[in-house]
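Q: Sending over a structure as structure tokens; questions will come in a sec.
The values are calculated or read from the model by the stated rules, or taken from the named source; none is laboratory data. Everything numeric in this text was worked out from a predicted model, so none of it was measured. Glycine also receives a Cβ, built like all others from the backbone with ideal geometry; neighbour counts cover every protein chain displayed. With ligands, DNA and RNA removed, areas are computed over all heavy atoms of the protein, side chains included. Shrake-Rupley method; radii C 1.70, N 1.55, O 1.52, S 1.80 Å.
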Amino acid sequence: MNQNAIISSEEEPAYLHGLNPAQRAAVAALDGPVLVLAGAGTGKTRVLTARLVHLLVTGKALPSQILAVTFTNKAANEMRQRVAGMLGRSVEGWFLGTFHALAARMLRPHAELVGLKPNFTILDDDDQARLIKQLLEAENIDDKKSPARAVLAVISRWKDRGLLPHEVANEKSQLANGKLPKIYAMYQQRLLELNACDFGDLLLHHYTILKDNEDILAEAHNRFRYILVDEYQDTNTVQYLWLRLLAQARKNICCVGDEDQSIYGWRGAEVGNILRFEEDFPGAEVVRLEQNYRSTGHILGAAAQVIANNRMRLGKTLWTSADMGEKVRVQSLWDGEEEARWVADEIERLQRLRVSLNEMAVMVRAGFQTRAFEERFIQLGIPYRVLVGARFYERAEIRDAMAYLRLLVTPEDDLAFERIVNVPKRGVGPAALQQLHGFARAAGVPLMEAAAQLAETDELKPKLRQTLRALVGDFARWRGLLENLPHPEVAEIVLDDSGYTGMWQADKSPEAPGRLDNLKELVGAMAEFDTLPAFLEHVSLVMEATANTEGEQVSIMTLHGAKGLEFDIVFLPGWEEEIFPSRRSIDENGVAGLEEERRLAYVGITRAKKQAFISHVANRLLYGSWVNALPSRFLEELPDDHVARHSTIGAGAASGMRFGQSERKERVPPLWQQLQAGQPSYAKASEGRGRGLRKAPREIEGRAVPVKPVRAEGEPNIGDRVSHEKFGTGTVRRVDHDKLEVAFDKKGVLKVMAGFVRKV
């Protein structure tokens with residue numbers, strides 16, 4: 001029976017009811033390579049499950065002849081349940097699961113070919129790190145300078161790229177004293193001796209077996225008649241190579257994805273995999289799912305215009321038969337505190353209109369941004385939950401930093417002492433801590449005092465005595481600094497001098513930069529309180545207020561954690577240059593980084609079903625220093641036909657009354673106002689101090705600052721009008737050596753090299 005006949009029949013099966021023409025085409029195109037470009041909210045999951053059912057109902061394949069790959073167990077379980085619901089029965093014996101689960105299942109029968117036994121174990125993250133640490137010690141490599149998890153992160157990236165130890169022998173790295181390729185080889189050998197592998201090995205080993213053994217590859221080709229891949233835009237290199245090998249014979253592969261939602265480049269995803277699908281499989285059929293069932297017309301119009309500025313895309317335009325709805329609201333505000341207040345006020349207004357808190361979400365670019373909203377919600381009693389991660393004050397790095405500060409104020413805080421005495425690692429292990437506890441109980445003194453007394457005896461090993469003596473001395477010195485320096489600056493000194501900041505700076509895992517940002521945000525938040533004890537009390541009250549929250553809650557999350565979710569109302573704060581798009585992303589990845597940031601913007605807007613609120617501020621207290629914030633370039637890309645722009649900056653600045661004059665008078669003015677008034681600033685006080693969290697203040701932006709960098713005669717300076725061959729004329733807003741930030745008349749704010757412009 002021809003499957004296309006089934007689709008067009010008046011007596012079509014129930015699983016095809018309600019499919020639009022593009023969805024039907026995606027289900028019907030069973031044979032040959034197919035790329036389904038599924039835009040946000042276009043019914044991708046329904047198409048995937050209907051296609052699987054269609055393969056079974058038409059007799060094109062048995063369950064065991066279908067390989068269906070997902071990225072999460074949740075997606076695999078949902079697909080399995082939906083297929084069972086459509087068929088009216090469960091399906092057994094098919095290969096449906098995540099990349100790792102399927103690779104493990106297919107690896108075990110052939111494990112001997114890579115030196116493993118079929119009953120190999122899969123090590124978790126802690127076991128992997130412990131094994132790497134042992135290898136570092138064997139090579140006399142200081143694990144403080146080359147943390148095990150940082151080494152493991154690099155090895156994992158090599159595995160994601162499909163690279164074996166001999167293929168990275170010439171790779172250069174400062175980690176592990178330049179011995180990283182050797183450590184990788186030793187690690188792999190040790191895994192074989194333990195009859196174990198890590199998650200990266202599952203796919204890498206099976207890919208190696210398929211590549212090197214034609215008979216096993218032929219067996220796989222004979223078994224799998226059809227391959228289906230979900231979220232293809234998120235595949236990394238080894239996943240791509242594995243799939244291409246498995247599909248090369250029959251070429252019955254259907255990849256479903258959206259290049260406009262490829263936002264995981266930082267963890268190895270290659271958007272190029274989906275972009276070159278037609279090159280990998282010539283003659284492939286491309287089906288575009290563009291009818292959106294989630295959002296209003298204005299939301300889709302705004303998102304489409306933003307993403308259209310990306311070059312690395314295959315192209316699609318979302319549309320809906322639903323109403324246009326409310327325009328996307330872009331709100332300009334005075335500062336970050338006002339932004340948090342505005343978002344909370346809007347949430348309360350919507351709640352009065354009977355919008356459920358469960359249908360509202362705040363989505364930020366970086367984790368450190370959640371603090372301001374969490375504190376405002378707590379102040380107003382708005383219940384909230386943080387998705388994909390802990391609440392700000394519950395994050396491990398914040399708890400560590402708070403333990404240092406608690407011990408600074410209260411030396412008797414034994415719980416804080418226990419938490420930080422070996423963080424970063426100082427060689428104070430469980431045995432040493434037990435000895436400290438025994439002495440403290442016998443002498444009736446806190447652990448800090450026990451450490452001070454024992455360090456002056458011969459009861460401890462010399463190295464441990466020296467370590468404890470140094471730690472006790474550091475805390476005494478830091479307490480003395482509190483008498484003469486602002487407490488935020490002392491906090492910076494504590495985190496830097498203790499080695500805690502350096503520990504995260506040395507960590508090369510993808511999460512480390514975010515942890516450092518959170519620490520900077522913590523220090524910045526301290527400036528709002530007169531004393532360190534006042535700040536610690538505030539945090540304790542915050543933690544108490546969030547301990548038990550039930551019922552409806554507003555969701556707070558990062559944009560990376562928002563993919564796949566949807567809410568009636570979405571707030572997107574912090575749309576400012578260097579925050580969003582992220583300066584780090586652009587510095588590290590250039591145009592590719594900028595385009596991924598733009599895809600994040602697209603994902604954020606398309607999470608909204610009924611209304612999207614985007615906000616930015618003119619001034620932001622960032623890591624303890626006021627900066628004049630430049631609006632995100634993405635705001636200029638939003639079309640006026642779909643956007644309503646509002647501003648409270650003028651009224652707020654002029655009168656200070658719109659959002660509460662009494663509150664504004666208590667706050668520190670923006671740094672550019674301090675400079676104009678000749679006032680000292682916290683940023684000035686910390687200028688030039690040390691490294692880590694202690695940095696010189698950021699360059700002041702904006703024409704209101706009566707300071708210009710010294711430039712050679714004839715070179716462009718702040719305020720000058722310049723001309724660029726491609727971007728036209730504009731005004732210089734910022735100078736950074738040979739780089740300029742120019743507000744172009746037609747292209748918006750862009751960064752260019754000074755050599756490519758001329759003064760006009």
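Q: Assess whether Y293 counts as being within 30 Å of A644 (Cα to Cα) and touching a residue at least 60 places away in the same chain (Cβ under 8 Å).
A: yes
Q: Let me ask you something else. Residues in the stretch 11-27 that are on the phi > 0 side of the Ramachandran plot and either β-branched (V, I, T) or touching a Lys or Arg at 6+ places or on another chain (Cβ under 7 Å) (or both): how many?
A: 0
Q: While we're here: Quick one: how many residues across the stretch 98-116 are under 21 Å from Y184 (Cα atoms) and surrounded by fewer than 14 Cβ atoms within 10 Å (Cβ to Cβ)?
A: Looking only at that region, the number is 1.
Q: Right, next: Quickly run through the stretch 457-486 and pick out the residues that are in a loop (DSSP other than H, G, I, E, B) and open to solvent by 70 Å² or more (accessible area, probe 1.4 Å).
A: Matches in the stretch 457-486: D458, E459, K461, E483, N484.
Residues are listed down the side, and each one gets a yes or a no for (1) crowded, with 19+ Cβ neighbours inside 10 Å; (2) at pLDDT below 95; (3) part of a helix (DSSP H, G or I); (4) basic (K, R):
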residue: D587; (1), (2), (3), (4): no, yes, yes, no
residue: G590; (1), (2), (3), (4): no, yes, yes, no
residue: R598; (1), (2), (3), (4): yes, no, yes, yes
residue: G604; (1), (2), (3), (4): yes, no, yes, no
residue: G650; (1), (2), (3), (4): no, yes, yes, no
residue: S662; (1), (2), (3), (4): no, yes, yes, no
residue: P669; (1), (2), (3), (4): no, yes, no, no
residue: A683; (1), (2), (3), (4): yes, yes, yes, no
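Q: Out of the stretch 501-522, which residues are hydroxyl-bearing (S, T, Y) and crowded, with 21+ Cβ neighbours inside 10 Å?
A: Matches in the stretch 501-522: T501 only.
Q: Regarding the stretch 363-377, can at least one residue be identified that is closer than 30 Å to E511 by Cα, of a type in the set (D, E), touching a helix residue (DSSP H, G or I) at 6+ places or on another chain (Cβ under 8 Å) and free of Cβ contacts under 8 Å to residues at least 60 places away in the same chain?
A: Looking for residues that are closer than 30 Å to E511 by Cα, of a type in the set (D, E), touching a helix residue (DSSP H, G or I) at 6+ places or on another chain (Cβ under 8 Å) and free of Cβ contacts under 8 Å to residues at least 60 places away in the same chain, one finds none in the stretch 363-377, hence no.
Q: Right, here's the next one. Is it true that L30 is among the hydrophobic types (A, V, I, L, M, F, W, C) and either assigned to a helix (DSSP H, G or I) or without any contact (Cβ under 8 Å) to a residue 60 or more places away in the chain (or both)?
A: no
Q: If you don't mind, another one. Inside the stretch 206-264, can you point out the residues that are among the charged types (D, E, K, R) and open to solvent by 30 Å² or more (accessible area, probe 1.4 Å)?
A: K211, D212, E214, D215, E219, R223, R225, E231, R244, R250, K251
Q: Among the residues that make up the stretch 467-476, is at least one of them within 19 Å of G427 (Cα to Cα) and among the acidic types (D, E)?
A: yes
Table: residues versus (1) assigned to a helix (DSSP H, G or I); (2) in contact with a Leu (Cβ under 8 Å, 6 or more places away or on another chain); (3) over 30 Å from G257 (Cβ atoms).
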{"residue": "K144", "(1), (2), (3)": "no, no, yes"}
{"residue": "S156", "(1), (2), (3)": "yes, no, no"}
{"residue": "E167", "(1), (2), (3)": "yes, no, no"}
{"residue": "L203", "(1), (2), (3)": "yes, no, no"}
{"residue": "I216", "(1), (2), (3)": "yes, yes, no"}
{"residue": "Y240", "(1), (2), (3)": "yes, no, no"}
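Q: What do you reckon, is R376 crowded, with 19+ Cβ neighbours inside 10 Å and either under 19 Å from the mean Cα position of the chain (by Cα) or closer than 19 Å to V539 by Cβ (or both)?
A: Judged against the criteria, R376 is a match.
Q: Can you name every residue in the stretch 438-451 that is open to solvent by 50 Å² or more (accessible area, probe 1.4 Å) and not hydrophobic (A, V, I, L, M, F, W, C)?
A: R441, G444, E449 - these are the residues of the stretch 438-451 that are open to solvent by 50 Å² or more (accessible area, probe 1.4 Å) and not hydrophobic (A, V, I, L, M, F, W, C).
Q: When the stretch 491-510 is examined, which residues are found to be assigned to a helix (DSSP H, G or I), within 21 Å of A129 (Cβ to Cβ) and touching a Lys or Arg at 6+ places or on another chain (Cβ under 6 Å)?
A: Residue satisfying the conditions is W504 alone.
Q: Could you check how many residues of the stretch 547-560 are out of contact with any Leu (no Cβ under 6 Å at 6 or more places or on another chain) and either buried (at least 23 other Cβ atoms within 10 Å of the Cβ) or at pLDDT 90 or above (or both)?
A: 3
Q: For the stretch 168-180, which positions are open to solvent by 20 Å² or more (accessible area, probe 1.4 Å) and farther than 10 Å from L136 by Cβ?
A: A169, N170, E171, K172, S173, Q174, G178
Q: Right, next: Is it true that S90 is part of a helix (DSSP H, G or I), of a type in the set (S, T, Y), more than 29 Å from R267 (Cβ to Cβ) and open to solvent by 30 Å² or more (accessible area, probe 1.4 Å)?
A: It is false that S90 is part of a helix (DSSP H, G or I), of a type in the set (S, T, Y), more than 29 Å from R267 (Cβ to Cβ) and open to solvent by 30 Å² or more (accessible area, probe 1.4 Å).
Q: Scan (1) within 40 Å of the chain's Cα centre (by Cα); (2) without any contact (Cβ under 8 Å) to a residue 40 or more places away in the chain; (3) crowded, with 21+ Cβ neighbours inside 10 Å for the single condition L454 breaks and write down its number.
A: (1)
Q: Quick check on this structure: which one of V364, V388, V355 is modelled with pLDDT of 90 or more, within 24 Å of K563 (Cα to Cα), aliphatic (A, V, I, L, M) and surrounded by fewer than 21 Cβ atoms within 10 Å (Cβ to Cβ)?
A: From the options V364, V388, V355, the qualifying one is V355.
Q: Now for a separate question. Name the single residue that is least open to solvent (accessible area, probe 1.4 Å) among those in the stretch 738-760 being assigned to a helix (DSSP H, G or I) and over 13 Å from I718 (Cβ atoms).
A: Looking at residues that are assigned to a helix (DSSP H, G or I) and over 13 Å from I718 (Cβ atoms), I get G755.
Q: Here is a further query. Take R426 and tell me if it is part of a loop (DSSP other than H, G, I, E, B) and crowded, with 19+ Cβ neighbours inside 10 Å.
A: Considered against the rule, which asks whether it is part of a loop (DSSP other than H, G, I, E, B) and crowded, with 19+ Cβ neighbours inside 10 Å, R426 comes out as yes.
Q: Which pairs do you get when a residue that is aromatic (F, W, Y), found in the stretch 58-85, comes within reach of a residue that is open to solvent by less than 30 Å² (accessible area, probe 1.4 Å), reach meaning Cβ atoms under 7 angstrom, with the pair 6+ apart or on two chains?
A: Listed pairs, sorted by first residue: F71/T98; F71/D230; F71/D234.
Q: How many residues does the stretch 272-283 contain that are open to solvent by 20 Å² or more (accessible area, probe 1.4 Å) and assigned to a loop (DSSP other than H, G, I, E, B)?
A: Matching residues across the stretch 272-283 total 3.
Q: Looking at the stretch 59-87, which of its residues are in a loop (DSSP other than H, G, I, E, B), of a type in the set (A, V, I, L, M) and over 18 Å from C255 (Cα atoms)?
A: L62
Q: Which pairs have Cβ atoms under 8 Å, sit 6 or more apart or on different chains, and link a residue in the stretch 213-226 that is closer than 26 Å to L52 by Cβ to one that is among the hydroxyl-bearing types (S, T, Y)?
A: Hits for this filter: R223/S64.
Q: Checking F120 against (1) crowded, with 20+ Cβ neighbours inside 10 Å; (2) touching a residue at least 40 places away in the same chain (Cβ under 8 Å); (3) farther than 23 Å from Y187 by Cβ: exactly one of these is not met. Which one?
A: (3)
Q: Mind listing just one residue for me: the one in the stretch 139-151 that is surrounded by fewer than 18 Cβ atoms within 10 Å (Cβ to Cβ) and in contact (Cβ under 8 Å) with a residue 40 or more places away in the chain and, of those, nearest to M186 (Cα to Cα)?
A: Applying the filter and picking the extreme gives E139.
Q: Inside the stretch 326-340, can you point out the residues that are part of a strand (DSSP E or B) and either more than 16 Å from G604 (Cβ to Cβ) or open to solvent by less than 10 Å² (accessible area, probe 1.4 Å) (or both)?
A: V328, V330, Q331, S332, L333, W334, D335
Q: When you look at F199, is it among the aromatic types (F, W, Y) and within 25 Å of the chain's Cα centre (by Cα), yes or no?
A: yes
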